[in-house]
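Read the structure below first, then the notes.
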Amino acid sequence: MKAIIATESGGPEVLKLEEFPSPSPSPTQLLVNVKAAGVNRVDTIQRKGSYPMPPGESEILGLEIAGTVERVGENVTGFKQGDRVFGLIGSGGYAEQTVIDYRMAMPIPEGWSFEQAAAVPEVFFTASETLFTFGKLSAGETVLIHAGGSGVGTTGTQMAHQIGARVFITAGSAEKIERSKTLGCTEGINYKGADFADEIMRLTDGEGVDVVQDFIGAPYLKRNLAILKPRGRLVVVGLMGGSTGEIDLGIILRNRLQIFGSVMRALPLEDKIRITERFIDRWLPLLKEGKINAIIDTVMPLSQAREAHEYMESNRNFGKILLKVE
Ligand SMILES: NC(=O)c1ccc[n+]([C@@H]2O[C@H](COP(=O)([O-])OP(=O)(O)OC[C@H]3O[C@@H](n4cnc5c(N)ncnc54)[C@H](OP(=O)(O)O)[C@@H]3O)[C@@H](O)[C@H]2O)c1
């Protein structure tokens, strides 16, 4: 089969389409003919060599797929050859075939394309776990979602709006802010032209927000803490701006703040199965009803993984970039 690997650490040019043996499913895995795979920011970080794969994972990039079942392991129940499935995997998505544990695989709802399905797992699981399991965001509360135009941000905005929270986002262009408003954000802040902390305090009449979902890290740390209301929660989901910052513990003490961190890929399989189950219970029904959607920016052929990474790193996408496998 053909698949994409990074031949060395570096820029998008190190991504190469090469021949690999097809993977063999373990007793609890499905072998899937991949039809579409999601591109995620962490793939670009892995390509640069800063996010090594967990032990035992394939060197082929790609964390989420949709496709058809080719073969099932001997202990698999509930799936058979030909079924249309989608789900989160540890690696191996940028390929013609991959394997997925059957407890992580979900049947593709009727009427969905493979692209639509592959756009869902990583961003919905991440937004769901970070905003709700950790951040405990609830109806009537206020949240600031950074990188509102990202795959995770476009998803979190819809989820938070759907449960009745007031949503603010930051983004690097007026166009991303306007599009975020169509997903349910009340106000967007262009971080290139304004200080987001000043803007949040102005927009909330000095009250601040209950939850901050952050992907930027170090340069935002102090301001993220400063805009939290008493009992506020900061959830650290990404570190696109750097990882080392200074914290005034006084503000945490006085305001009884909480800071959470979350990274999904390194979790044990059992934890990821629970995350999949929580998604199926809470968010999949809303997706099926069309109340929330995976926002797709671009679909490219698998052979253009290099161009897909270049596009993502130019920060021009609003929502998901996908690779189509033909
Ligand atoms: N912890 C986990 O389990 C987990 C899982 C999935 C994703 N993530 C993280 O979630 C984040 C989003 O991932 P994604 O795949 O959804 O991203 P994406 O679609 O590539 O979007 C990222 C956006 O972030 C903004 N950005 C980039 N660098 C920035 C900087 N230095 N300062 C401010 N904004 C910046 C850009 O938009 P603008 O135009 O607004 O600048 C960019 O388009 C990443 O940090 C990723 O590592 C974490």
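Look at the dipole of the chain built from charges on Cβ: of 190, 242, 66, the Cα furthest out on the positive end belongs to 190.
Compute the separation of the alpha-carbon centres of region 142-198 and region 299-316 and state it in Å as a whole number. Here the two parts' Cα centres lie 23 Å apart. Entry note, the chain: the mean residue ellipticity at 222 nm calculated from DSSP H runs of n ≥ 4, each adding -39500 (n - 2.57), is -7500 deg cm²/dmol after division by the residues and rounding to the nearest 500. Compactness check for region 28-184: Cα Rg over 2.2 N^0.38 Å is 1.14. Principal semi-axes of the equivalent ellipsoid, √(5λ) from the alpha carbon gyration tensor of the chain, are 34, 21, 18 Å from largest down. Would you look at the GNM of the chain, springs on alpha carbons closer than 10 Å, and say which of 275, 247, 292 moves the most? Highest fluctuation among the options: 247. Rounded to 0.05, the FRET efficiency of the residue 7 and residue 314 pair, given R0 = 25 Å and the Cβ-Cβ distance, is 0.70.
So which of 176/222; 35/320; 136/176; 80/320; 2/35 end up more than 19 Å apart, counting from Cα to Cα?
In this structure, 176/222; 136/176; 80/320 lie more than 19 Å apart at Cα.
Within the accessible area of region 123-261, the carbon and sulfur atoms contribute 51%, probe 1.4 Å, all protein chains present. Note on residue 255 and residue 226: the extension gain reaches 9.5 nm, defined as 0.36 nm multiplied by sequence separation minus the Cα-Cα distance.
Note on residue 265: accessible area approximately 20 square angstrom, rounded to 10, probe 1.4 Å, nucleic acids and ligands left out. Calculated accessible area for region 123-261 comes out at 42 Å² per residue, all protein chains present (probe 1.4 Å; ligands, DNA, RNA ignored).
Taking only the C-alpha atoms, wrap a convex hull around region 123-261 and report its volume per residue in Å³ as a whole number. Please report the intermediate quantities before stating the final value.
Details: hull volume 12.8 nm³, N = 139.
Spelled out: Cα convex hull of region 123-261, divided by residues, is 92 Å³.
Each Lys and Arg contributes +1 and each Asp and Glu -1, all at the Cβ; summed about the Cα centre of region 123-261, the dipole is approximately 200 debye. Computed from label points 7 Å out along Cα-Cβ, the spacing between residue 284 and residue 243 is 3.4 nm. The loop-placed GluC sites (Glu not before Pro) in region 185-218, going by DSSP, that have at most 14 neighbouring Cβ atoms within 10 Å of their Cβ come out as 207. Amide hydrogen proximity for residue 141: with H placed 1.01 Å from N in the peptide plane, the residues at 5 or more positions away or on another chain lying under 5 Å are 166. Rounded to the nearest 5, what is the percent of antiparallel bridges among the DSSP beta bridges in the chain? Counting DSSP beta bridges with both partners in the chain, the antiparallel share is about 55 percent.
The values are calculated or read from the model by the stated rules, or taken from the named source; none is laboratory data. The structure presented is a predicted model; accordingly, all values stated were derived computationally and were not measured. Please note: Cβ atoms are built from the backbone with ideal geometry, for glycine as well, and neighbour counts cover all protein chains shown. When the accessible area is computed, the model is the full protein with side chains, heavy atoms only, and any ligands, DNA or RNA have been set aside. Shrake-Rupley method; radii C 1.70, N 1.55, O 1.52, S 1.80 Å.
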